[in-house]
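Student: Take a look at the following structure, please.
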Ligand SMILES: *Cc1c(COP(=O)(O)O)cnc(C)c1O
């Protein structure tokens, strides 16, 4: 069927009118040769920028050997990546997926099975927080609890109890005999770069211990060096039970992983869970190559250094142009700018400066540059942000005059 207005894709995305043809490090280049500085990084995915030579080499050489075999067989690259994640985190066990939502699904199933094999099948409910985002599957939209994602998709998947962000009283009141776990993002990404204070994460850990609950962290956006630690929860010193990871770990290849302690994962025995593609040789070659670089001595120091430079520059811009940017927040290179104009206006104004950013809730825009950004890249971004902020401020001042 064809009609004049038809296009072949679902109309689920309101896409910007930009067609990129290739990427080089921090830059995206359109079909017509226009260059954009990429501080969106495919929403925190291209952690090492575009066409990183080490990733290209890893993908090419694996592509010539073996793409896929199924988890019916041993996959050495999967064991290697799992072992490296175990060696460098709280975890004892890893389950590989193709996306963040699938890593969350595995996390939710792991928590429910834990209580099931402990003889408490009634403990399946998970407490989540307003403003959360955990993905778009039926279970993860229930976990995220946002009406705009739930509407029209039938009954909400049972077993998620949502409490206001930062409301300790409501949280305690929500814990009941059926509660299995608490699920939280260390920094809400889609929700508007809203960090959970370190002491609050420690309080959550304590609360979980007191009530026999598992603490599940969604580090899909905050993980793999984004905040200047390998995982954001490391800043607080806590040990989670289960962590969902994706985005940055694949550097652009679809890859996710659910990490867990041996105790938390004890119910995930042979046959209870699986995936066709998860952890296939191609994905594992790229994931291992990403870790080669992120685990290099000094890499996370570099992230922290660039983040500090960005934060200082942004604070100065916000001081001078409060009519455009009212607050700078976040951690590491997960930076939120609370806008004094509509955030969509700000994203467009920056796009006009050929700087790519991403919108978020709470009228925030996110800066999520590749972690390999240099000080020169950061300075370039700041110049463009300042130009946009100045332009928007002049308009705002004229309007109010
Ligand atoms: C992006 C994201 C997800 C979902 O990941 P998909 O790969 O889109 O399924 C889940 N949680 C958080 C915090 C995210 O940022």
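Student: Can you give the FRET efficiency to the nearest 0.05 for residue 29 and residue 309, using r as the Cβ-Cβ distance and R₀ = 25 Å?
Tutor: 0.50
Student: Please give the Cα centre distance for the range 72-132 versus the range 336-394, rounded to the nearest Å.
Tutor: Distance between centres, Cα-based: 35 Å.
Student: Once both labels are modelled 7 Å past Cα along the beta-carbon direction, what's the residue 69-residue 327 spacing in nm?
Tutor: 5.1 nm
Student: Contour minus end-to-end for residue 80 and residue 272, with contour as 0.36 nm per residue of separation and end-to-end as the Cα-Cα distance?
Tutor: So the chain would gain 66.8 nm between residue 80 and residue 272.
Student: Based only on other Cβ atoms within 10 Å, what is the fewest-to-most ordering of 36, 114, 149, 13?
Tutor: 13, 149, 36, 114
Student: May I have the pair-distance distribution P(r) for the range 53-294, computed from all Cα-Cα distances with 10 Å bins from 0 and rounded to whole percent?
Tutor: 8, 33, 36, 18, 4, 0
Student: Roughly how many nanometres apart are two label points built 7 Å out from the Cα toward the Cβ at residue 21 and residue 172?
Tutor: If labels sit at residue 21 and residue 172, their model points lie 6.2 nm apart.
Student: Hey, another quick one. Could you grab the relative contact order for the range 114-206? Cα pairs under 8 Å, six or more apart, rounded to a whole percent.
Tutor: About 33 percent, as a whole number.
Student: Same structure again: I need the shape label for the range 181-303. Rule: rounded when a/c is under 1.5, else prolate if a/b > b/c, else oblate, with a, b, c from the alpha carbon gyration tensor.
Tutor: Cα axes put the range 181-303 in the oblate bin.
Student: Summing -39500 (n - 2.57) over the DSSP H runs of n ≥ 4 in the chain and dividing by its residue number, what mean residue ellipticity at 222 nm do you reach, to the nearest 500 deg cm²/dmol?
Tutor: After summing the helix terms and dividing by residue count, I get -11500 deg cm²/dmol.
Student: Next question. Label residue 87 and residue 387 with points 7 Å out from Cα along Cα→Cβ: what is the distance between them in nm?
Tutor: Simple spin-label model gives 4.5 nm for this pair.
Student: Give me the angle, in degrees from 0 to 90, between the Cα long axis of helix 281-294 and the longest principal axis of the Cα atoms of the chain, rounded to the nearest 10.
Tutor: On a 0 to 90 degree scale, this one is about 60.
All of the numbers you see were taken from the coordinates with simple rules; none came from a lab. Just so we're clear, the structure is a prediction, and the values are computed from it rather than from any experiment. Counting neighbours? That spans all protein chains shown, and the Cβs are built from the backbone with ideal geometry, glycine included.
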